[in-house]
Amino acid sequence: MNEDILSFVWRFQYFDSANLLTDENLSISVIRTGYKNTNAGPDFLEAGVLLGGVQWFGSIEVHVRSSDWFMHAHEINPAYESVILHVVWENDKPVLRQDGTLVPTLSLKGLIKDTVLQRYSLLQDEHEGIPCHALFSKIHEIHKFAMLDRVLLERLSRKAGEVATLLEINKNDWDQTAYQWLGKHFGFKLNDPAFLRLMQIVPWKILRKHRDRPLQIEAILFGTAGLIPERSEDVYVRMLQQEFRFLGSKYKLTEQQMNAHEWKYARLRPAGFPTIRISQLAQLLSAESTLFSQIISLESFSELQQLFHLRQSDYWTQHYVFDKKAAAPVPAMGKDAGALLIINGIIPVLVAYSKHRNQPELLDKAIYWLSQLPSENNRITREWATLGMQVKTSADSQALIEWYNNYCMPKKCLECTVGAGLVRAV
């Protein structure tokens, strides 16, 4: 037994309410269950109950045992003085308000419908990644699609929140924020921390001054990243060294220079090495003088895709690492990589700006762009596909990844439209 199922039972009143009495032998009738509180304080707010014929309006607190009230130190928290009913599984200790009056208690043990507990236990005891996999087909498609829409918006909102946090750090500078957020995702997860650190050391306004000289942008990025070899006979490397000696000193970047060991190569295909990605990023930054404005103003999806048709500089079409020529030409950025940069780098910035400026049309555009990209193919999307979920676009795959990570893995079945539907199918 846990508070999640008890809160669920209270919210939907899945218990025997005929001739209902509190543990103090007061007749009880529920006027309204209240709304679930997602912040600090009692579990349900603005509830209403009839206790012994007297109307009470206030909060409902839910615990497995009544003594949990004291374990959570509610007796010293004024917020809990508004509690009009303590809903518990087992009443093992009376609870008093600070003025000495008793908080009425409703014990649900023996009142909850057995089918509700059985179905909940079935989901919680499941060891598969998706707890309801065996029962998934029993839920009507409309509930599945409702959950899919919901989790997509939750994912977009969560990522937009991360952008908003970065924006606050950058003192509401959208240009710097968009540059850092997009630049971070050139790390393609494994090197995200290193790329973000690089973007935070090198301000966008510095690179913008040198956009007509891609070699200088590469020198600034590679030099600050700590990747330029100290000794080399290669002409390109020596040009980078020369440029960074001057520019690194001019902009005081050498004082914050990263270490080469911060960059990860293991488990990466050579075309995804940080050296290649830095060069591709440099090409993007040298082509766009107003990166943030470009992101916000783009209307055509084909123009968006064109933004990431990135070919690294000539040296990096023949090398994966410094001073070692590749056996075959190094490919430009592929469609899959470009799609991931749109999904993870562009869309969250667009959604964050939509919320910041209260422009819902930008959110609509973000969702439309996701619907134009093919779905991601990974372990999670393949698992959903076995349950009959169609995974056609990135909007689908992004939603399903969020659903899996935030509901299935932590087994928050009662907060899921499908899981809740299965539990209450009595």
Residue check: is GLN216 under 20 Å from the mean Cα position of the chain (by Cα), closer than 17 Å to GLU288 by Cβ, of a type in the set (S, T, N, Q) and in a helix (DSSP H, G or I)? no
Checking the conditions here, which among VAL151, VAL163, VAL116 is among the hydrophobic types (A, V, I, L, M, F, W, C), closer than 17 Å to PHE292 by Cα and not in a loop (DSSP other than H, G, I, E, B)? VAL163
Yes or no: SER302 within 30 Å of the chain's Cα centre (by Cα), surrounded by fewer than 20 Cβ atoms within 10 Å (Cβ to Cβ), under 23 Å from THR177 (Cβ atoms) and at pLDDT below 95? no
When only residues in the range 234-254 that are touching a residue at least 12 places away in the same chain (Cβ under 8 Å) and in a loop (DSSP other than H, G, I, E, B) count, which is surrounded by the most Cβ atoms within 10 Å (Cβ to Cβ)? LEU253
Here the residues within the range 386-402 that are open to solvent by 30 Å² or more (accessible area, probe 1.4 Å), in a helix (DSSP H, G or I) and of a type in the set (D, E, K, R) are ASP396
I'd like the residue in the range 83-97 that is assigned to a loop (DSSP other than H, G, I, E, B) and over 19 Å from ALA40 (Cα atoms) and, out of all such residues, is least open to solvent (accessible area, probe 1.4 Å). VAL95
Sole residue being modelled with pLDDT of 95 or more and under 34 Å from the mean Cα position of the chain (by Cα), chosen from ILE276, ILE295: ILE276
Please verify whether the range 403-423 includes one or more residues that are within 21 Å of the chain's Cα centre (by Cα), surrounded by 14 or more Cβ atoms within 10 Å (Cβ to Cβ), farther than 28 Å from PHE136 by Cβ and aromatic (Phe, Trp, Tyr). no
Would a scan of the range 311-323 turn up a residue that is of a type in the set (Gly, Ala, Ser), surrounded by fewer than 20 Cβ atoms within 10 Å (Cβ to Cβ) and either over 34 Å from the mean Cα position of the chain (by Cα) or more than 28 Å from GLY161 (Cα to Cα) (or both)? yes
In this structure, does ILE220 turn out to be surrounded by fewer than 22 Cβ atoms within 10 Å (Cβ to Cβ) and within 26 Å of ALA282 (Cα to Cα)? no
If you take the residues in the range 61-77 that are acidic (Asp, Glu) and not in a strand (DSSP E or B), which one is nearest to ASP99 (Cα to Cα)? GLU75
Residue that is surrounded by the fewest Cβ atoms within 10 Å (Cβ to Cβ), among those in the range 38-60 that are free of Cβ contacts under 8 Å to residues at least 12 places away in the same chain and part of a loop (DSSP other than H, G, I, E, B): ASN39
Could you check how many residues of the range 312-352 are part of a helix (DSSP H, G or I) and not hydroxyl-bearing (Ser, Thr, Tyr)? 20
Please determine, by comparing only the residues of the range 1-14 that are modelled with pLDDT of 90 or more and of a type in the set (A, V, I, L, M, F, W, C), which one is farthest from GLU90 (Cα to Cα). PHE8
Restricting to the range 381-399, count the residues that are in contact (Cβ under 8 Å) with a residue 40 or more places away in the chain and of a type in the set (A, V, I, L, M). 4
Show the residue pairs that are 6+ apart or on different chains and have beta-carbon atoms under 9 Å apart, the first residue being within the range 165-179 and within 14 Å of VAL351 (Cα to Cα), the second being not in a helix (DSSP H, G or I). LEU167/ASP173; THR177/ASN170
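The values are calculated or read from the model by the stated rules, or taken from the named source; none is laboratory data. Since the model is a prediction, treat every value here as computed from it, not as a measurement. Here the Cβ is made from the backbone with ideal geometry for all residues, glycine too, and neighbour counts use every protein chain on show. Side chains included, ligands, DNA and RNA excluded: accessible areas come from the protein's heavy atoms. Shrake-Rupley method; radii C 1.70, N 1.55, O 1.52, S 1.80 Å.
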